[in-house]
Amino acid sequence: MLPRKKYLRVLCLSMATTFAASTLISAPAQAITGYTPPVTVNEISVTPVSSMGTLSTGKRTTILLPAQTVSPFTLAGLTWVGPVSLGTEFKVRVRESGVWSAWFKLEYGEYQGVGKDGTESTDTRVGSDPLLTGLADGVEVVMENTSAVVPSQMKVTLVNSQVTKQDRNLGQQSIRMATTDTGMQSQAVAALVGAAVSPQGALVARPRIVTRAEWGADETWRDPVPRVGTTLLAGIVHHTASTNNYTADQAPAQMRNLYAYFTKSLNYADMGYNFLVDKYGTIYEGRSGCAVGAVDCDSASVPVQGAHTAGLNINTFGVSAIGNYDVLAPENPGAMVESIASLMAWKLAPYGLDPNATASILSTDTSGSSKFSAGQTAITQVISAHRDVGKTVCPGRYLYPYMAEIRARATTLLAPVIQGVSVAPTLVNGTGTDSVNVSAIIPANATWSVDVKNADSGAPIQAVTGTQVTSGPVSYAWDRKDSAGALVPIGRYAVTVNASIGGVALPSATNVISVASLPQAATQVGFIRSSSTKTKVSWIADTANPAPVTAHYYRVSTNAGSTWSPWTLSKDPSFSATWNLNSSYLVEVKSANALGESAVTSASYKVANFAPPLPAAVTAVNYKRLSKNRVTVSWSPAATEYASSGYYYRVAKNGGKYGKWTKSSGMKTAVTLSKWKKNQTYKIQVKTRNVSGYSPTVTSSYTAR
């Protein structure tokens with residue numbers, strides 16, 4: 001909120017930063033769209049009417065504006081020139097949808113206004129905090145004090161800007177960003193255009209900022225040339241002390257309302273705050289840093305002087321959370337903290353400032369609103385809250401506790417790290433000549449390396465090193481050769497980008513790439529009969545290739561290959577078919593991976609009379625201890641042309657009687673048994689069955705240890 005004298009909420013966010021040699025990478029230019037939705041500003045001069053009675057508090061009520069119908073509005077405020085009698089309160093009520101609201105107290109500060117040059121001045125208008133409302137068409141304003149003295153040149157300001165299609169589009173973006181797991185600002189991490197670089201080598205991504213052109217600022221309302229500082233010393237966090245009851249669609253219209261109130265009613269040079277953040281975490285550009293009509297000027301990156309913190313506007317910037325956070329807690333604290341911290345880190349980076357350090361700022365305040373009078377040096381944290389330096393509760397009792405979290409997150413974002421790591425392609429045909437291209441953004445003064453190792457054995461393959469003088473990109477093309485100059489075989493390889501500054505290692509980044517081939521041709525095509533006409537065809541596909549098989553295909557010929565059925569996709573390396581007795585069939589199968597298709601494998605089969613013999617006995621009975629009383633027993637079925645209908649087992653303990661035969665679930669060739677006691681010997685019998693009967697029984701024993 002606006003600067004106040006004491007015990008009042010304030011709309012403010014200020015952050016101190018010193019200007020150091022630094023850069024912004026490819027800072028984007030502002031687009032000029034001509035999008036300026038209509039904003040109506042209705043200023044009504046006050047004609048006071050004193051009431052006859054006296055309140056129980058000893059105060060008298062003065063009607064400043066009697067209840068009346070007015071043009072629709074969504075913001076109400078009061079402005080005046082000069083001092084206000086001690087203890088004066090202003091109250092307003094509005095009519096929405098035909099119903100009058102309760103009385104709202106309009107907070108204000110006894111301070112000198114802020115002139116168009118950004119300095120405090122006695123001849124500029126002073127104002128209350130704006131009351132953001134729903135669409136209203138009626139208003140009444142009263143004053144309560146003991147003197148009945150009305151401030152000079154008092155006016156009631158009513159502002160309205162309706163929600164537009166552009167606002168709704170921005171609102172939907174805000175909702176999507178606020179409800180993602182990563183939060184709004186983390187979506188911008190990969191976007192290095194406009195990133196800020198610190199002298200320490202940190203590369204801080206530019207957060208998503210809704211520009212003035214996007215929210216519809218009318219650039220004719222502001223001073224054509226902004227007042228720009230020489231450095232940044234601190235950033236200060238505020239709140240607007242306005243309603244929290246707004247939707248994402250309404251937030252851009254609120255920006256236009258606030259902009260109109262600052263420039264049209266308070267006669268500020270521009271919006272008071274440098275940036276604003278709505279409750280969904282969307283960042284809006286506030287005061288412009290570019291001259292009207294400037295080309296290739298990135299306003300958000302300019303250290304423009306705002307009007308947000310009495311006495312401490314020079315070489316600081318203010319970020320204000322839209323809402324009253326002395327009354328309600330943030331609805332989306334994670335999104336709001338991430339947005340404010342990301343913005344802080346991005347603004348601080350070029351000046352090499354530590355969010356946990358302190359800044360020394362010379363105060364110019366003569367209004368009494370600041371804790372530091374003109375000529376005094378304010379010692380405050382680089383990321384401060386308005387209440388740390390001003391006589392106010394801003395940014396509110398519910399947002400202030402998040403200041404430590406904002407500093408901690410900004411500190412993390414300002415730490416030098418390897419960014420923008422890219423390794424491509426991640427799948428390479430071993431028979432080709434393609435190189436693997438590695439790139440990354442390396443911090444300044446870092447020693448870096450790219451190490452290639454066998455991903456399975458860890459054996460070193462190749463390495464390259466270098467030193468980065470300034471923060472920027474590094475590229476390396478690995479020709480898929482080892483240190484001896486030989487091409488590496490098919491396999492998986494780990495490509496790691498490392499960096500260290502002053503002997504301190506930064507977190508590395510590893511990507512695994514595969515040097516692979518087309519799938520090997522299928523093997524062991526087999527045919528298993530389940531009835532006189534039903535046959536299951538199966539085969540073994542390539543499983544050793546670093547590029548796994550992703551699809552299986554088959555086709556069938558009934559005339560020795562003269563004609564074929566279409567190639568059919570199969571989820572597994574098998575299919576079932578209904579074939580005629582005494583007929584011959586030719587089958588072809590193939591596999592595919594990301595590089596292409598395998599060679600074709602062929603097999604033939606003649607459907608003879610269905611007369612399956614008894615099945616052969618199972619083989620290779622094995623035991624695996626899972627815990628002190630649980631054991632898995634498994635077995636291998638014998639090869640057969642005829643399908644089995646089930647596997648059966650039974651158990652005996654210490655030479656006792658066997659239990660009942662039990663069929664394993666779902667044709668599984670393993671079963672887990674429990675309650676096996678230590679030092680007890682168990683016998684298990686296993687057999688299988690087909691349509692002709694049971695196989696011989698296989699007996700095996702196991703002693704639990």
With surrounded by 11 or more Cβ atoms within 10 Å (Cβ to Cβ) and polar (S, T, N, Q) as the only criterion, which of THR563, THR578, THR533, THR550 stands out? THR533
Could you list, in sequence order, all residues of region 442-489 that are touching an Asp or Glu at 6+ places or on another chain (Cβ under 8 Å) and hydrophobic (A, V, I, L, M, F, W, C)? ILE461, ALA463, VAL488
List, please: which pairs have Cβ atoms under 6 Å, are six or more places apart or on different chains, and start with a residue in region 210-229 that is in contact (Cβ under 8 Å) with a residue 24 or more places away in the chain and end with one that is buried (at least 20 other Cβ atoms within 10 Å of the Cβ) and of a type in the set (D, E, K, R)? THR211/GLU285; ARG212/GLU285; GLY216/ARG256; ARG222/ASP270
Collect the residues in region 621-640 that are more than 51 Å from the chain's Cα centre (by Cα) and surrounded by 12 or more Cβ atoms within 10 Å (Cβ to Cβ), keeping them in residue-number order. VAL621, PRO637, ALA638, THR640
Looking only at region 357-416, count how many residues are among the small types (Gly, Ala, Ser), under 25 Å from ALA195 (Cβ atoms) and at pLDDT below 95. 1
Among the residues of region 681-705, what is the count of those that are aliphatic (A, V, I, L, M), within 58 Å of the chain's Cα centre (by Cα) and surrounded by fewer than 19 Cβ atoms within 10 Å (Cβ to Cβ)? 1
Take the residues in region 425-454 that are within 16 Å of THR510 (Cβ to Cβ) and of a type in the set (A, V, I, L, M); name whichever of them is surrounded by the most Cβ atoms within 10 Å (Cβ to Cβ). ILE442
Where residues in region 376-414 are among the hydrophobic types (A, V, I, L, M, F, W, C), open to solvent by less than 10 Å² (accessible area, probe 1.4 Å) and not in a loop (DSSP other than H, G, I, E, B), which of them is nearest to ALA205 (Cα to Cα)? ALA410
Select from region 135-172 the residues that are among the small types (Gly, Ala, Ser) and open to solvent by 30 Å² or more (accessible area, probe 1.4 Å) and write down the one among them that is farthest from the chain's Cα centre (by Cα). SER147
Go through (1) touching a Pro at 6+ places or on another chain (Cβ under 8 Å); (2) of a type in the set (Gly, Ala, Ser); (3) part of a loop (DSSP other than H, G, I, E, B) one by one and return the number of the condition ALA217 breaks. (1)
In region 220-249, the residues that are open to solvent by 20 Å² or more (accessible area, probe 1.4 Å) and not in a loop (DSSP other than H, G, I, E, B): THR220, TRP221, VAL228
Do we have SER644 as within 52 Å of the chain's Cα centre (by Cα) and polar (S, T, N, Q) here? no
What residue, of ILE361, ILE340, is outside any loop (DSSP other than H, G, I, E, B) and more than 25 Å from THR211 (Cα to Cα)? ILE361
Name the single residue that is modelled with the lowest pLDDT among those in region 176-185 being buried (at least 16 other Cβ atoms within 10 Å of the Cβ) and out of contact with any Asp or Glu (no Cβ under 7 Å at 6 or more places or on another chain). ALA178
If you go through LYS590, LYS668, LYS606, the only one that is open to solvent by less than 40 Å² (accessible area, probe 1.4 Å) and closer than 26 Å to ALA522 by Cα is LYS590
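The values are calculated or read from the model by the stated rules, or taken from the named source; none is laboratory data. No experiment lies behind these values; they were computed from the predicted model shown. A quick note on method: Cβ atoms are made from the backbone with ideal geometry, for glycine too, and the neighbour counts reach across all protein chains shown. Keep in mind that these areas ignore ligands, DNA and RNA; they rest on the heavy atoms of the full protein, side chains included. Shrake-Rupley method; radii C 1.70, N 1.55, O 1.52, S 1.80 Å.
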